[in-house]
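Here is the structure we will look at, set down as structure tokens.
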Amino acid sequence: MKFRCERDVLVDGLSTATRAVSSRGGALPVLSGLRVHLEGDQLRLTGSDLDLTITVDLTVAGDTDGEVVIPAKLAVDIVKALEPGAVLFETEGDEAKISGGRSEFSVNLIPAEEFPQLTAPSAESATIDAAEFADGLRQVVSAASNDDSRPILTGVLLAPEGTGLRLVSTDSYRLAVRDLPGATLLREGQTVLVPSRALNEVVRALGTAEKLSVVLDEREASFRVDGVRLTTRLIDGAFPNYRGLIPQSQPNRLVIGRGPLIDAVRRVKLMAREATPVRLTMREGSVELVAITQDIGQAHEELDAHYSGAELTVAFNPEFLLTGLEVTPGDEVSLETVDSLKPALLRSTESADFLYLLMPVRVS
Amino acid sequence: MGMNASRRILHVDMDAFFVSVELLDHPELRGRPVVVGGSGPRGVVAAASYEARAFGVHSAMAGAVARRKCPQAVFLDGRHARYREVSAVVMDIFGSITPLVEPLSLDEAFLDVSGRVRALGPAPEIAATIRARVFDEVGLTCSVGVAHNKFLAKLATETAKPRATPTGPVFGSGVAVVDEDRVEPFLWPLPARALWGVGPSTWAKLERLGVATVGDIARLPVDALTRAIGPAAGTQLHRLARGLDDRPVEPNVAPKSISHEETFAVDITDRGRLEREIVRLSDAVADRLRRAGTTGRTVHLKVRHSTFQTVTRSITPPHPTDDGLDIAVHARTMLSGIEVADGIRLIGVGVSGLEEAGARVEQMSLLDMEAAGRPDHDRDRRDLNRAVDEIRDRFGRSAIGPAVLAESGRIDAFEDGAQQWGPNAQR
């Protein structure tokens, strides 16, 4: 195999495909590599951990066709470190020569025949507005769990809602729900559970693209944008009945500027160490934030706010509260509560497309 | 990856360890057939001396059968605490040779001596030194396999072992070496079952491909193998058949942790049985956590397959715990990702990241609320655990425990060291 490519183009492609390569190694040493496939001027880079596969297509100046597997991380590091300009990639026996400027590297290849044959799902593809989808994903992925012991909670549920699409995630401590009215991606009644890790990569790959093409079958989802295709295994199992968790009416309602509250939580959080919560005391006209960590100190801040309901103190994990505030759109938010042990509902006062439900921390 | 630099790996296995420790303490029994375990009505043989093996007695055999085959044998109860004590001395000797010691059980360990060759001589010499020191300092014999990876070292040990014959034990070479350029003649004639990961179900599939020996596997095209037994297992098996294994020797630099494990007298294939064992071990771990006034952050699961391949998994839930059910749920989740059909030899549950239980601050869960219909689940568990602890203080560990452990009117709670050879061994 032999081809020439601009360094920056190649670095981008290699890095993107490598994002699917498991850093843990795993059972198959060959999966620490990237498959590099050249046909004519079409270079295809593939990285996979068997759950997530990322394929990048690049146009290069091809010379000799071929297929090899190179150590992924090493290849990225090498190409990144070369002088800007053209990079020459050439294989010779079981080595790859990578050169640019006056530098030359030879890298031992990984036997290519061990690389798994990966197929893309073969269902019809749907097209969706990339910016809106990325926006929705950003709002929900942070509420998904990264605890592999509860695989279902590590996914984002894609479900039809009215004439649009709904994205839902929960790590059991919070729940994020985003509606994308008018986005059609699913057959009637079809729901899929996509690993949030893969969706994070989709968001990253979307960049400034306008359209995203999506293929969903029984077992896999595939997302294609520009020359990048991400294919992920779907999560099997029943997503929790999240509808039953969303309260219909809450007696207490705090309305406050989103920006000022974010700033205050960030400050007070400095004294919420070792898993201690931030306490919000809400009363007519104000909300008071307090964090106390034993042997370290305390923080205190009072903000003006509209509040209707009985005076109430609720404690939250500051990270979870902050994440919720950051992904909620608009300048003003409402926080609806029942008591210190029931979930609080966070929403924008301007838009009904997104909600964030947060379970309090109990202090005893 | 360091795959190309040749490593020097030793696999050290004590010869008939439990029995040898007994002979050490009861020299008058030397030369006689001795069996550890198998004394209760349903007891199972945990270890047999080479003299007893000559009569066809082997570990995991029912005690009654062993007694029929060799009525003149001396049957002893196991003394787990004593074996652990001797094991610690042996492991210390290993540790003085190299810090890279990975214990597999009380009587077995991998040592990576690659970095010690310059100071101590070639690996086979180090192996001989270890045998001599274990004999001089502890009075026990061991066998050592030497190779450039763990897989081959372990296979080599087998060939160095003493063997039982009708005319008495025949000593093995003690040290067996597989040279890097002699892998094929050593490995390929072995039966395919010698490979890790070849249990009964895999074996059946391989037989259909006409595989009998390791060499047959090595000569198969890898895609035929992956088609038959799946891409991960196929690739792994093909690598092993060519003697390739780059897993490092992983020393147990265990963080401060609490764990319990159970070695089964008979390999277990029943997942339900394993899950029950997890509840039992988790209950014991939680008991110790609470007694120490600590909570653990990370839950660990250790599973050893019948092939001796050992896998460990861990999960760090959002909140530290001292609750047996909590630990069991996480351990069971980890077990669900592990294939057990080939037989499980050992299972262990532990927690690490211990911290003092302080003022309770707990993030409540939306889903527990849904499941339990109330947000007080955790508080109830705490009250329950406090009551259980008080009852056990007064009436003993078996007085109360998780219902799944109830068996004919008593609770089969975990008692360290007592379970393997007792009448419960074939539970």
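The values are calculated or read from the model by the stated rules, or taken from the named source; none is laboratory data. Just so it is clear, the structure is predicted and the values come from calculations on it, not from any experiment. Here the Cβ is made from the backbone with ideal geometry for all residues, glycine too, and neighbour counts use every protein chain on show. Heads up: the accessible areas ignore ligands, DNA and RNA and are worked out on the full protein's heavy atoms, side chains in. Shrake-Rupley method; radii C 1.70, N 1.55, O 1.52, S 1.80 Å.
Based on the alpha-carbon gyration tensor of the protein assembly as shown, what equivalent-ellipsoid semi-axes (square roots of 5 times the eigenvalues) come out, in whole Å, largest first? Working shown, then result.
Numbers: eigenvalues 523, 311, 106 Å².
Equivalent-ellipsoid dimensions as semi-axes: 51, 39, 23 Å.
Using the crude model of +1 on Lys and Arg Cβ and -1 on Asp and Glu Cβ, and no other charge, please compute the dipole size for chain A relative to its Cα centre, in debye to 20.
Working: 36 positive and 54 negative charges, 167 e Å.
About 800 debye.
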Q) So who's got an amide H within less than 5 Å of the one on A:Val156, skipping anything under 5 residues away but keeping other chains? H placed 1.01 Å off N, in plane. A) A:Val194, A:Ser196
Q | Selection from A:Asn317, A:Tyr356, A:Ala264, by position along the positive dipole direction of the range A:248-358 (Cβ) | A | A:Asn317
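Once every DSSP H run of n ≥ 4 in chain B is given -39500 (n - 2.57) and the sum is divided by its residues, what mean residue ellipticity at 222 nm do you get, rounded to the nearest 500 deg cm²/dmol? Let's see the in-between values first.
Details: 16 runs with 168 residues, N = 427.
Here the helix-only value at 222 nm equals -11500 deg cm²/dmol.
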Q | Positive-end residue of B:Pro27, B:Ser173, B:Gly296, charge dipole of chain B with Cβ unit charges | A | B:Ser173
Q | Flagged links, alpha-carbon separation over 31 Å, of A:Lys2/A:Lys73; A:Lys211/A:Lys269; A:Lys73/A:Lys269; B:Lys205/B:Lys302 | A | A:Lys211/A:Lys269; A:Lys73/A:Lys269
Q.
Taking θ = phi - 60°, what integer Hz values does the Karplus form 6.51 cos²θ - 1.76 cosθ + 1.60 yield along the range A:69-81, in sequence order, with x for Gly and Pro?
A. 10, 10, x, 5, 4, 5, 4, 4, 4, 5, 5, 4, 7
Q. Taking R0 as 25 Å, what's the FRET efficiency between B:Glu207 and B:Val404 from their Cβ-Cβ distance, rounded to 0.05?
A. 0.10
Q. How much area per residue is accessible in chain B when the probe is 1.4 Å and only protein heavy atoms are counted (Å²)?
A. 45 Å²
Q | Positive-end residue, the range B:90-249 charge dipole about Cα centroid, Cβ charges, pick of B:Leu237, B:Leu225, B:Phe94 | A | B:Leu225
Q. Check B:Thr269: other-chain or 5+ apart residues with amide H under 5 Å from its amide H, H built from backbone geometry?
A. B:Ile344
**Q.** Mean projected area (nm²) of the alpha-carbon convex hull when the range A:56-117 is viewed from all directions
**A.** 4.8 nm²
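Pull out the extension gain between A:Ser351 and A:Arg102, defined as 0.36 nm times the separation in residues minus the alpha carbon to alpha carbon distance; nm, one decimal. Show your work: numbers first, answer last.
Details: separation 249, 0.36 × 249 = 89.64 nm, distance 5.71 nm.
Net length gain for the segment: 83.9 nm.
Just how large is the dipole of the range B:192-250 about the Cα centre, in debye to the nearest 20, putting +1 at every Lys and Arg Cβ and -1 at every Asp and Glu Cβ? Walk me through the numbers before you get to the answer.
Values: 8 positive and 6 negative charges, 35 e Å.
Roughly 160 debye, rounded to the nearest 20.
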Q: Express in whole angstrom the spacing between the alpha-carbon centres of the range A:255-293 and the range A:55-82.
A: 49 Å
Q: Using the Karplus curve 6.51 cos²θ - 1.76 cosθ + 1.60 with θ = phi - 60°, work out ³J(HN,Hα) for each residue of the range B:69-81 in order, rounded to whole Hz, and write x for Gly and Pro.
A: 5, 9, x, 7, 5, 8, 9, 10, 6, x, 10, 4, 4
Q. Using +1 on the beta carbon of Lys and Arg, -1 on that of Asp and Glu, and nothing else charged, what's the dipole of the protein assembly as shown about the Cα centre, debye to 20?
A. 2420 debye
Q.
Please compute the Kirkwood hydrodynamic radius of the range A:248-358 from all pairs of different C-alpha atoms, in Å with one decimal.
A. 13.9 Å
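Return the average number of partner chain Cβ atoms within 10 angstrom of each residue Cβ along peptide B:272-285. Please report the intermediate quantities before stating the final value.
Values: counts 0, 0, 0, 0, 0, 0, 0, 0, 0, 0, 0, 0, 0, 0.
The shielding value for this peptide is 0.
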Q | Sequence-distant lysines (8 or more away, or on other chains) whose Cα lies within less than 25 Å of B:Lys69 | A | B:Lys161
Q: Determine the relative contact order of chain B: mean sequence separation of Cα pairs under 8 Å and six or more apart, normalised by residue count, in whole percent.
A: 16 percent
Q | In sequence order, calculated HN-Hα J values of the range A:233-238 (Karplus, 6.51, -1.76, 1.60; Hz; x Gly/Pro) | A | 5, 8, 8, 8, x, 8
Q) Can you give me the Cα centroid spacing of the range A:167-192 and the range B:313-330 in angstrom? A) 29 Å
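Could you give me D for the range B:188-241, from Stokes-Einstein at 4 °C and 1.567 mPa s, where the hydrodynamic radius is the Kirkwood radius over C-alpha pairs? Units µm² s⁻¹, please.
Numbers: Rh = 10.4 Å.
My calculation gives 124 µm²/s for D.
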Q.
Give me the one-decimal nm value for the distance between modelled label points at A:Glu311 and A:Arg138, 7 Å along each residue's Cα-to-Cβ direction.
A. 4.0 nm
Q. Sorted by accessible area with a 1.4 angstrom probe, largest first, how do A:Asp148, B:Asp112 fall?
A. A:Asp148, B:Asp112
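Could you work out [θ]222 nm for chain A from helices alone, using -39500 (n - 2.57) per DSSP H run of at least four and dividing by all its residues? Round to the nearest 500 deg cm²/dmol. Spell out each step's value before the answer.
Working: 6 runs with 67 residues, N = 364.
Dividing the helical sum by the residues of chain A leaves -5500 deg cm²/dmol.
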Q) Can you tell me the Rg and Dmax of chain B, counting just the alpha carbons, in angstroms? A) 23.3, 71
